[in-house]
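To start, the structure under review is shown below, and the notes come after it.
The values are calculated or read from the model by the stated rules, or taken from the named source; none is laboratory data. Fair warning: this is a prediction, and the values are worked out from it, not measured in the lab. FYI the Cβ positions are ideal-geometry reconstructions off the backbone, even for glycines, and counts take in every protein chain you see. Surface areas here come from the heavy atoms of the whole protein model, side chains and all, with no ligands, DNA or RNA. Shrake-Rupley method; radii C 1.70, N 1.55, O 1.52, S 1.80 Å.
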Amino acid sequence: MLKGIPSILPPELLKILMEMGHGDEIVIADGNFPGASHARNLVRCDGHGVPQVLEAVLRLFPLDSYVPQPVALMQVVPGDPVVPVIWDKYHEIVRRWEPQAEKAGFEEVERSLFYQRAKNAYAVVTTGETAIYANILLRKGIITGENAL
(Lines give C-alpha, C1' and ligand atoms only; values in the text may rest on other atoms or scores of the structure.)
Protein backbone atom coordinates (compact mmCIF):
# COMPACT_ATOMS: atom_id res chain seq x y z
CA MET A 1 0.00 0.00 0.00
CA LEU A 2 1.04 3.55 -0.69
CA LYS A 3 -0.24 6.82 0.70
CA GLY A 4 -2.27 8.99 -1.64
CA ILE A 5 -2.93 6.26 -4.22
CA PRO A 6 -6.63 5.37 -4.56
CA SER A 7 -6.99 1.73 -3.49
CA ILE A 8 -9.39 1.07 -6.39
CA LEU A 9 -6.44 1.27 -8.82
CA PRO A 10 -4.71 -2.09 -9.24
CA PRO A 11 -0.90 -2.12 -9.53
CA GLU A 12 -1.16 -3.11 -13.19
CA LEU A 13 -3.14 0.06 -13.96
CA LEU A 14 -0.71 2.26 -12.02
CA LYS A 15 2.14 0.83 -14.11
CA ILE A 16 0.24 1.57 -17.33
CA LEU A 17 -0.59 5.13 -16.27
CA MET A 18 3.12 5.70 -15.56
CA GLU A 19 4.19 4.17 -18.89
CA MET A 20 1.83 6.29 -20.93
CA GLY A 21 3.26 9.38 -22.58
CA HIS A 22 1.85 12.65 -23.81
CA GLY A 23 -0.91 12.00 -26.35
CA ASP A 24 -1.46 8.36 -25.43
CA GLU A 25 -5.08 7.41 -24.90
CA ILE A 26 -6.81 5.14 -22.40
CA VAL A 27 -10.40 3.89 -22.41
CA ILE A 28 -12.39 3.27 -19.24
CA ALA A 29 -15.15 0.99 -20.45
CA ASP A 30 -18.49 -0.31 -19.29
CA GLY A 31 -19.20 -3.99 -18.73
CA ASN A 32 -20.52 -4.52 -22.27
CA PHE A 33 -17.41 -3.18 -24.02
CA PRO A 34 -15.44 -5.79 -26.02
CA GLY A 35 -12.24 -5.04 -24.12
CA ALA A 36 -10.43 -8.35 -24.66
CA SER A 37 -10.74 -8.10 -28.43
CA HIS A 38 -9.96 -4.37 -28.61
CA ALA A 39 -7.15 -3.78 -26.12
CA ARG A 40 -3.38 -3.64 -26.58
CA ASN A 41 -3.22 -3.65 -22.78
CA LEU A 42 -6.28 -4.80 -20.85
CA VAL A 43 -6.91 -4.08 -17.18
CA ARG A 44 -9.99 -5.50 -15.49
CA CYS A 45 -11.68 -3.56 -12.73
CA ASP A 46 -14.73 -5.79 -12.34
CA GLY A 47 -16.96 -4.86 -9.46
CA HIS A 48 -16.36 -1.14 -9.92
CA GLY A 49 -18.24 1.41 -11.99
CA VAL A 50 -16.75 3.77 -14.54
CA PRO A 51 -17.30 6.89 -12.36
CA GLN A 52 -15.31 5.41 -9.47
CA VAL A 53 -12.42 4.38 -11.74
CA LEU A 54 -12.52 7.71 -13.61
CA GLU A 55 -12.35 9.62 -10.32
CA ALA A 56 -9.35 7.58 -9.15
CA VAL A 57 -7.51 7.87 -12.48
CA LEU A 58 -7.98 11.63 -12.77
CA ARG A 59 -6.42 12.14 -9.33
CA LEU A 60 -3.14 11.04 -10.95
CA PHE A 61 -3.56 11.53 -14.70
CA PRO A 62 -3.21 14.90 -16.46
CA LEU A 63 -5.43 15.50 -19.47
CA ASP A 64 -3.93 16.87 -22.69
CA SER A 65 -4.23 20.66 -22.80
CA TYR A 66 -2.86 20.81 -26.37
CA VAL A 67 -5.96 19.35 -28.03
CA PRO A 68 -9.44 20.89 -28.17
CA GLN A 69 -11.17 17.97 -26.41
CA PRO A 70 -9.01 15.47 -24.46
CA VAL A 71 -12.09 13.53 -23.32
CA ALA A 72 -14.25 11.50 -25.70
CA LEU A 73 -17.48 9.56 -25.27
CA MET A 74 -19.08 6.90 -27.43
CA GLN A 75 -21.85 8.68 -29.31
CA VAL A 76 -25.39 7.34 -28.99
CA VAL A 77 -26.31 5.34 -32.09
CA PRO A 78 -28.76 7.37 -34.22
CA GLY A 79 -32.32 6.33 -33.46
CA ASP A 80 -31.45 4.84 -30.07
CA PRO A 81 -33.71 6.54 -27.50
CA VAL A 82 -31.17 6.13 -24.68
CA VAL A 83 -30.10 9.27 -22.86
CA PRO A 84 -26.79 8.49 -21.10
CA VAL A 85 -27.34 10.28 -17.78
CA ILE A 86 -24.00 8.89 -16.54
CA TRP A 87 -22.35 11.54 -18.72
CA ASP A 88 -23.48 14.18 -16.21
CA LYS A 89 -21.42 12.38 -13.56
CA TYR A 90 -18.41 12.37 -15.92
CA HIS A 91 -18.69 16.13 -16.39
CA GLU A 92 -18.82 16.59 -12.62
CA ILE A 93 -15.71 14.43 -12.10
CA VAL A 94 -13.69 16.04 -14.89
CA ARG A 95 -14.73 19.51 -13.68
CA ARG A 96 -13.35 18.65 -10.23
CA TRP A 97 -9.93 17.42 -11.47
CA GLU A 98 -9.44 19.14 -14.85
CA PRO A 99 -11.75 22.17 -15.09
CA GLN A 100 -10.27 23.40 -18.38
CA ALA A 101 -10.98 20.06 -20.08
CA GLU A 102 -14.56 20.03 -18.82
CA LYS A 103 -15.07 23.60 -20.01
CA ALA A 104 -13.92 22.55 -23.52
CA GLY A 105 -16.63 19.90 -23.62
CA PHE A 106 -16.38 16.24 -24.50
CA GLU A 107 -15.96 14.90 -28.00
CA GLU A 108 -18.68 12.45 -29.08
CA VAL A 109 -17.26 9.72 -31.32
CA GLU A 110 -19.38 7.51 -33.56
CA ARG A 111 -19.50 3.92 -32.24
CA SER A 112 -17.30 2.17 -34.86
CA LEU A 113 -14.76 5.01 -34.74
CA PHE A 114 -14.71 4.80 -30.95
CA TYR A 115 -13.94 1.08 -31.22
CA GLN A 116 -11.10 1.89 -33.64
CA ARG A 117 -9.65 4.46 -31.23
CA ALA A 118 -9.90 1.88 -28.45
CA LYS A 119 -7.87 -0.58 -30.55
CA ASN A 120 -5.20 2.11 -30.97
CA ALA A 121 -5.34 3.22 -27.34
CA TYR A 122 -2.51 2.38 -24.99
CA ALA A 123 -4.91 0.51 -22.71
CA VAL A 124 -8.52 -0.38 -22.06
CA VAL A 125 -9.82 -0.64 -18.50
CA THR A 126 -12.99 -2.73 -18.31
CA THR A 127 -15.35 -2.24 -15.40
CA GLY A 128 -18.56 -3.76 -14.16
CA GLU A 129 -20.50 -0.65 -15.15
CA THR A 130 -24.04 -1.51 -16.28
CA ALA A 131 -25.01 1.88 -17.75
CA ILE A 132 -24.90 1.85 -21.52
CA TYR A 133 -22.86 4.37 -23.51
CA ALA A 134 -20.70 4.63 -20.41
CA ASN A 135 -17.36 4.31 -22.23
CA ILE A 136 -14.95 7.23 -21.89
CA LEU A 137 -11.60 7.88 -23.54
CA LEU A 138 -8.91 10.07 -21.99
CA ARG A 139 -5.90 11.58 -23.76
CA LYS A 140 -2.85 12.01 -21.52
CA GLY A 141 -1.30 15.40 -21.06
CA ILE A 142 1.94 16.50 -19.47
CA ILE A 143 3.12 17.12 -15.94
CA THR A 144 4.54 20.58 -15.30
CA GLY A 145 5.67 22.33 -12.17
CA GLU A 146 2.13 23.70 -11.83
CA ASN A 147 0.34 20.34 -11.76
CA ALA A 148 3.05 18.09 -10.32
CA LEU A 149 1.46 17.85 -6.88
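Work out how much length Ser37 to Ile142 would gain on full extension: take 0.36 nm times their residue separation and subtract the Cα-Cα distance, in nm to one decimal.
Stretched out fully, the Ser37 to Ile142 stretch lengthens by 34.9 nm.
Given only helices, namely DSSP H runs of n ≥ 4 each adding -39500 (n - 2.57), what is the per-residue ellipticity at 222 nm of the chain, to the nearest 500 deg cm²/dmol?
-9000 deg cm²/dmol
What do you get for trypsin sites (Lys or Arg not before Pro) in region 31-76 restricted to DSSP loop and a cutoff of at most 16 other Cβ within 10 Å of the site's Cβ?
Passing sites in region 31-76 are Arg40, Arg59.
Taking a 1.4 Å probe, which of Tyr122, Tyr90, Tyr133, Tyr66 shows the most accessible area, and what order do the others take after it?
Tyr66, Tyr122, Tyr133, Tyr90
How far is it, in nm, from the label point at Arg44 to the one at Lys3 when both lie 7 Å from their Cα along the line to the Cβ?
Once both label points are built, they end up 3.4 nm from each other.
Name the shape class, rounded, prolate or oblate, that the alpha-carbon gyration tensor gives for region 68-117, where a ≥ b ≥ c are the square roots of its eigenvalues, rounded holds for a/c under 1.5, and otherwise prolate holds if a/b is larger than b/c and oblate otherwise.
Judged from the Cα gyration tensor, region 68-117 comes out oblate (a/c at least 1.5, b/c at or above a/b).
Round to a whole number: what % of the accessible area of the chain belongs to carbon and sulfur, probe 1.4 Å?
Of all accessible area on the chain, carbon and sulfur atoms account for 54 percent.
Just to be sure I understand: if I project the alpha-carbon convex hull of the chain onto a plane and average over all orientations, what area do I get in nm²?
8.6
Taking a probe of 1.4 Å, how large is the accessible area per residue of the chain, in Å²?
Accessible area per residue: 53 Å².
Run through region 88-149 and list the GluC sites (Glu not before Pro) located in a DSSP loop whose Cβ has at most 11 other Cβ atoms within 10 Å.
Glu146
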